[in-house]
Amino acid sequence: MKIYDNSNIAESYSGVTTPLTYSFARAVYQEVYVHFCGMMGVGRRTIAANRPMFAKMVEFIGGRIYYDLINWYRLVSFLPGYSFNRGFFEKMLGLQKEYHYTPPPPKGAFERYFVVLPRLAFQTVKVALFFAFMGALVGRFNRRFDREYARLSALDLPALDLPECKALYFRVYDEFVARWQVPIANDFAVMVAAGAADKLYRAWLNEDGYVQLFSRSRRPLVSLDPGYRILEIVSLIKGEPELLALFGAGRPEEILRELRGKFSASPAAAAVAAYLARFGSRVPSELKLESKSINEQPEFFISILQATLASASPREVYAGSADAAGGLALWRRLVLSAVGGWAVNSVFRREETRFRRSLIFGFSRRLFLAIADKFAARGLLRTREDIFYLTIEEVFALIDGGPAEGLGALLASRKTDYELWKLADLPRRIESQLPVEAIETGLRGSAAAAPAARGVLKGVTAARARTATVAGVALVLPDFDPNADFAGKILVTRQTDPGWTIIFPLLKGIVVERGGMLSHAAIVARELRIPCIVGVERAVAGVPQGAGVELRLETGEVHVLN
């Protein structure tokens, strides 16, 4: 039996994606987790014996990326504390259904006492040391990344020939993937620390630990930096009446032209340029190589500035909340403080490395587009965007002089499949003994989701407000739409990723179908004090566009009012 689940990975790869993105993600997952297991003390023999597993951490079904879930349980079982970590793992992924995977037992007493237990003791000490020094490890990783990425950013990719592009890809892949074991180790720390803290909060305070922990800001999240910068830019624009009038009446294309011309010496223009230089790779679905970055569509950023200026009162992005542990015994408060601090710091470090992940994916997009331009010049592709319908293996085979016969038909077939799969409604979890091709045959032609029963939808409250209920007008977006009117709306969508953060300060509330308490939407919503309910099945189908909705935060219910 195979189990494929996209409850969590859909946050990074929402909806339908392309063969290039999938093949790139598959290769990254494979090597990153091999290096991570080595870092965590997993034996070389175990890693070698499970090479086929590492190659199948993700699967491509119906144009969507799924976790091959049993392989993830096996991976977690390689690490100390599996009996506890399994539950933490399931909660972090937002799984709706448990799977009771049991690792194979040792073969006899000798293996148990003289192989398995010594290895477990060694791993436990090693993992504990890494957890203790994770802040220093992530700091060193970030500094090295920033130095090397600065060198990459200075490269003139169009000036490279095809063999040089291929060599650059593998150099970057080898350098960055091998070092990404540190962010993955920190992700493991997030899972363990947040899971442990949640258990303690529930046991000692009867409180949701995730809400308590991540409602007490100890330092700003890196993923909120775009929101801070936008508010700073808006303040600068308001200080220049002529520029403010332009933003109030002009089209985004016109405003961009004036910022680069008449207002080029303006502090606001300098701030816009600095924003694009720093955050230009951030965009919704930023891990999909086919997604255009903000640098490629700066008009979108201008429209966000216009919406923020038009908003009556942009949301404050930083606040604190009371500590619910005040009535506990001193030793319990100290334990909660230590475990909670570990969890919160781990999450902040995760956001730092996720930002850098978006940079390297953005660089990979630019590199593949440079290759695509050279392919198009040789007549191999009709447009540069055609490269997204090839796998990385096919791209490099063409660079090596491989045959191009039938390439046009292959691309046409994959484009057709892409459009057809966009119309299909696929489940978040697939359990089957069939190969992927047979699963897809059964799913082909699946009708789009029928509307859910309207009235009351149920999820889990991830971020609370000052009041128990919040009402507003629903903005229903199956996927991100840069032209949507976000200001003052309750966003209803399938999932978000860090690229959505740019519009969060405009929102009155958030409802998402996918994701758990440690998902991007949940954590950022708690930081911004935006009421948020996650795990709301079929919310996009069940809430009409423009309907009045009420979020009941005590129960995690979404009521459709009209």
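The listed residues are Ala438, Ala541, Ala465, and the only one of them that is among the small types (Gly, Ala, Ser) and in a loop (DSSP other than H, G, I, E, B) turns out to be Ala465.
Can you tell me which of Ala463, Ala424 is more than 23 Å from Glu175 (Cβ to Cβ) and touching a Cys at 6+ places or on another chain (Cβ under 8 Å)?
Numbers: Ala424 fails: touching a Cys at 6+ places or on another chain (Cβ under 8 Å).
Exactly one of Ala463, Ala424 is more than 23 Å from Glu175 (Cβ to Cβ) and touching a Cys at 6+ places or on another chain (Cβ under 8 Å), namely Ala463.
Do you know which of the residues in region 416-433 that are assigned to a loop (DSSP other than H, G, I, E, B) and in contact (Cβ under 8 Å) with a residue 24 or more places away in the chain is farthest from Ala539 (Cα to Cα)?
Kept after step one, since they are assigned to a loop (DSSP other than H, G, I, E, B), are these residues of region 416-433: 424-428, 433.
Remaining after also requiring in contact (Cβ under 8 Å) with a residue 24 or more places away in the chain: 424-426, 428, 433.
On the way: Ala424: 17, Asp425: 14, Leu426: 15, Arg428: 14, Gln433: 30 Å.
Looking at the filtered set, the residue picked out is Gln433.
Can you give me the number of residues within region 109-152 that are under 32 Å from the mean Cα position of the chain (by Cα), of a type in the set (Ser, Thr, Tyr) and loosely packed, with under 14 Cβ neighbours inside 10 Å?
So the first thing to find is which residues in region 109-152 are under 32 Å from the mean Cα position of the chain (by Cα), and the list is 120, 123-152.
After this cut, where a residue has to be of a type in the set (Ser, Thr, Tyr) as well, the list is 124, 149.
Adding the requirement that they be loosely packed, with under 14 Cβ neighbours inside 10 Å leaves none.
Result for region 109-152: 0.
Applying a threshold of 7 Å to beta carbon distances and a minimum spacing of six or more residues, or different chains, the list of pairs starting in region 150-167 at a residue that is farther than 14 Å from Leu369 by Cα and ending at one that is among the hydrophobic types (A, V, I, L, M, F, W, C) reads Leu152/Val172; Leu152/Phe363; Pro163/Ile399.
Among the residues of region 363-392, write down those that are in a helix (DSSP H, G or I) and of a type in the set (Val, Ile, Thr).
So the first thing to find is which residues in region 363-392 are in a helix (DSSP H, G or I), and the list is 363-377, 384-389, 392.
Scanning region 363-392 gives Ile371, Ile387, Ile392.
Of everything in region 492-511, what is of a type in the set (Gly, Ala, Ser) and either within 15 Å of the chain's Cα centre (by Cα) or farther than 23 Å from Arg538 by Cβ (or both)? Give them in sequence order.
Across region 492-511, the qualifying residue is only Gly499.
Looking for something closer than 18 Å to Val42 by Cα, under 27 Å from the mean Cα position of the chain (by Cα) and either modelled with pLDDT of 95 or more or assigned to a helix (DSSP H, G or I) (or both) - is there at least one such residue anywhere in region 190-212? Show your work before the answer.
The first filter runs over region 190-212 and keeps only residues closer than 18 Å to Val42 by Cα, leaving 192.
Of the ones still in play, those that are also under 27 Å from the mean Cα position of the chain (by Cα) are 192.
Narrowing further to those that are either modelled with pLDDT of 95 or more or assigned to a helix (DSSP H, G or I) (or both): 192.
Looking for residues that are closer than 18 Å to Val42 by Cα, under 27 Å from the mean Cα position of the chain (by Cα) and either modelled with pLDDT of 95 or more or assigned to a helix (DSSP H, G or I) (or both), one finds at least one in region 190-212, hence yes.
Of the residues making up region 467-497, those that are modelled with pLDDT under 90 and among the hydroxyl-bearing types (Ser, Thr, Tyr) are Thr467, Thr496.
Do we find that Ser313 is out of contact with any Pro (no Cβ under 6 Å at 6 or more places or on another chain), hydroxyl-bearing (Ser, Thr, Tyr) and at pLDDT below 90 in this structure?
Working: out of contact with any Pro (no Cβ under 6 Å at 6 or more places or on another chain): yes; hydroxyl-bearing (Ser, Thr, Tyr): yes; at pLDDT below 90: yes.
Yes.
Checked against the criteria, Ile304 counts as closer than 30 Å to Ile65 by Cβ and out of contact with any Lys or Arg (no Cβ under 6 Å at 6 or more places or on another chain).
State the number of residues belonging to region 431-461 that are farther than 26 Å from Val558 by Cβ and modelled with pLDDT of 90 or more. Walk me through how you get there before you give the answer.
The initial filter retains those residues of region 431-461 that are farther than 26 Å from Val558 by Cβ, namely 431-445.
Then keep just the ones that are modelled with pLDDT of 90 or more; that gives 431-443.
Residues in region 431-461 being farther than 26 Å from Val558 by Cβ and modelled with pLDDT of 90 or more: 13 in total.
Put simply, of Val172, Val138 the only residue that is in contact with a Pro (Cβ under 8 Å, 6 or more places away or on another chain), in a helix (DSSP H, G or I) and in contact (Cβ under 8 Å) with a residue 12 or more places away in the chain is Val138. Of all residues in region 337-365, those that are modelled with pLDDT of 90 or more have Cβ atoms under 6 Å from Cβ atoms of residues that are not small (Gly, Ala, Ser) and not in a helix (DSSP H, G or I), 6 or more apart or on another chain, in Ser358/Arg282; Ser358/Glu286; Phe361/Leu287; Arg365/Leu289.
Listed conditions (1) of a type in the set (A, V, I, L, M); (2) more than 20 Å from Val222 (Cα to Cα); (3) assigned to a loop (DSSP other than H, G, I, E, B) are all met by Val558, apart from (3). Condition check for Leu410 on (1) touching a residue at least 24 places away in the same chain (Cβ under 8 Å); (2) in a helix (DSSP H, G or I); (3) out of contact with any strand residue (DSSP E or B) (no Cβ under 8 Å at 6 or more places or on another chain): one failure, at (1).
The condition of being more than 30 Å from Arg143 (Cβ to Cβ) and in contact with a Leu (Cβ under 8 Å, 6 or more places away or on another chain) holds for only one of Leu398, Leu367, that being Leu398. Among the conditions (1) crowded, with 18+ Cβ neighbours inside 10 Å; (2) in a loop (DSSP other than H, G, I, E, B), Asp485 misses just one, which is (1).
Among what's in region 393-407 and is out of contact with any Ser or Thr (no Cβ under 8 Å at 6 or more places or on another chain) and in a helix (DSSP H, G or I), pick the residue that is surrounded by the fewest Cβ atoms within 10 Å (Cβ to Cβ). Top of the filtered list is Ala397. The residues in region 20-33 that are in contact with a Phe, Trp or Tyr (Cβ under 6 Å, 6 or more places away or on another chain) and surrounded by fewer than 21 Cβ atoms within 10 Å (Cβ to Cβ) can be counted, and the count is 2.
The values are calculated or read from the model by the stated rules, or taken from the named source; none is laboratory data. All values derive from a computational prediction rather than experimental measurement. Using ideal geometry, Cβ is built from the backbone for each residue, glycine included, and neighbour counts are taken over all protein chains shown.
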